[in-house]
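The values are calculated or read from the model by the stated rules, or taken from the named source; none is laboratory data. Because the structure is a prediction, the values reported are computed rather than measured. All Cβ positions, glycine included, derive from the backbone under ideal geometry; neighbour counts span all protein chains shown.
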Amino acid sequence: MVGRGSVVGDPVTAHLVILIGFAGLLGAMLAVEVLGRAGREPFRPVAHVLEAALASRTGRWVVWAAWLWIGFHFLAR
Amino acid sequence: MRSPREQATVRRDPARSQRDAHTWGVSAEQVAARGARLGRWDALILVYAALAALCRPLTAPAVVVVLLPGAALLALAAWRHAPPRRAVCPRRGVVPWAVLALLFGGWELPAALWGNDSAHPTLSLLLDPVLETYPGRLLGWLAWLGVGRWLVTR
């Protein structure tokens, strides 16, 4: 697009927006993990959160079901 | 009575064995035995991942090789009857991860509902080019089985 005051470049597609969203979420997860490991409040590493979830019977089943689903979804489908 | 492998583990790093024993409230021998077991798990996971990664996704063998360790680790986790642990994470420490998980679901769902095509890909579709290669699948398998092993030991 060329014109007065406009920006030249590729159009923003849904694919690009989705890709940026996933990258942003991944970056946020990494940031929370790093802050948790550095001891910054209120952040905790994901391992601590999972251990807390595993302390209850329901939490155990939810975590195990999520693990099984991830394996099936990404490695088998 | 320590086995030769346990003696070797304690001899190799006695300070770590004692520190772990103090942390977990178990004897140094138990810590050493646990270390030896983890070594065997590592080898087993490596071999299994190398073989399982030979199976391409969307095939019957791929389903079987996922279900085998899945069922085995689930059974092991159910059989272990680990004593209930005190939650080590305050509720407000859970909030950031819960928010991120919800955001991830909220981001994945529209793409799935819009057809999960190249214009609106889900994460699994975006990872397809990586998982189509053997090294990519091997990494995926190692990560998945490694997390499974970690969950069993909790």
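In the stretch B:43-55, the count of residues that are facing another protein chain (nearest Cβ under 7 Å) and either surrounded by fewer than 16 Cβ atoms within 10 Å (Cβ to Cβ) or touching a Gly at 6+ places or on another chain (Cβ under 8 Å) (or both) is zero.
Just to verify a result, which residue in the stretch B:89-138, among those that are more than 23 Å from A:Ala14 (Cα to Cα) and aromatic (Phe, Trp, Tyr), is nearest to the other protein chains (Cβ to nearest Cβ)? The extreme case among them is B:Trp97. When the residues of the stretch B:139-154 are narrowed to those that are part of a helix (DSSP H, G or I), at the interface with another protein chain (Cβ under 8 Å from one of its Cβ atoms) and not hydrophobic (A, V, I, L, M, F, W, C), which ends up surrounded by the fewest Cβ atoms within 10 Å (Cβ to Cβ)? Here the residue is B:Gly140. With respect to (1) surrounded by 15 or more Cβ atoms within 10 Å (Cβ to Cβ); (2) farther than 20 Å from B:Leu151 by Cβ, the lone exception for A:Leu19 is condition (1).
Only a single criterion out of (1) facing chain B (nearest Cβ under 7 Å); (2) at pLDDT 90 or above is not satisfied by A:Ala55, namely (2).
Please specify each residue of the stretch B:90-127 satisfying the condition of being of a type in the set (Phe, Trp, Tyr) and at pLDDT below 90. Answer for the stretch B:90-127, where residues must be of a type in the set (Phe, Trp, Tyr) and at pLDDT below 90: B:Trp107, B:Trp114. Pairs meeting the criteria (first residue in the stretch B:112-128 and at positive phi, second residue modelled with pLDDT of 85 or more and assigned to a loop (DSSP other than H, G, I, E, B), beta carbons under 7 Å, at least 6 apart or on different chains) are B:Asn116/B:Thr122. For the stretch B:56-88, the candidate set comprises residues that are modelled with pLDDT under 80 and at the interface with chain A (Cβ under 9 Å from one of its Cβ atoms); within that set, the residue that is farthest from A:Gly39 (Cα to Cα) is B:Ala82.
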